[in-house]
Amino acid sequence: ELDFLLLKKNTSAEPITFENLNTLRRIIPFTINHNLGEIVGAYNNKNELISASFFIKSHQKCINLLSASSEEGHALSADVAIFDHYIKENAERLLTLDFGVSVENHHHEFAIGFGAIPVTYSRLKMKRWYDYIFHK
């Protein structure tokens, strides 16, 4: 878990805040301990984590909540190997895999390569009374 978080922190295009890191440090072990989450990783020949994905499962659905790859991981297509492995391991289960990417994201093509089908989700934005007062 710690190796995954360090990989994510060190390879993320946007800095991960201390608050978000602490939230992940609580969510990941909780979901793993309750059989709701799983981290799948790929290692190089020096036994260094070069790519990993955190999957969260519930109600016959599995979402790739977070992924990280080092430069070496990208070069070796380790993320492809992780998803290939995950799909093979769960092929006999009634489970829908959500790649956790949007159509606007360049990772969309990655998901399509595995046969993913785009799904449209509705978005709801709520305005509270104080949003009108403070013009947010």
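How much length is gained if the chain between ASN47 and ASP84 is pulled fully straight, taking 0.36 nm per residue apart and subtracting their Cα-Cα distance, in nm to one decimal? Intermediate results must be reported in sequence, preceding the final value.
Values: separation 37, 0.36 × 37 = 13.32 nm, distance 2.02 nm.
That pair, ASN47 and ASP84, stretches by 11.3 nm at full extension.
Points 7 angstrom from Cα along the Cβ direction at THR23 and ASP98: gap in nanometres?
1.6
At a probe size of 1.4 Å, how large is the accessible area of ARG25, to the nearest 10 Å²?
140
Run the 1.4 Å probe and let me know the accessible area of GLU19, rounded to the nearest 10 Å².
130
The values are calculated or read from the model by the stated rules, or taken from the named source; none is laboratory data. Computed from a predicted model, the values in this text were never measured in an experiment. Virtual Cβ from ideal backbone geometry, glycine too; neighbours counted across all protein chains shown. Heads up: the accessible areas ignore ligands, DNA and RNA and are worked out on the full protein's heavy atoms, side chains in. Shrake-Rupley method; radii C 1.70, N 1.55, O 1.52, S 1.80 Å.
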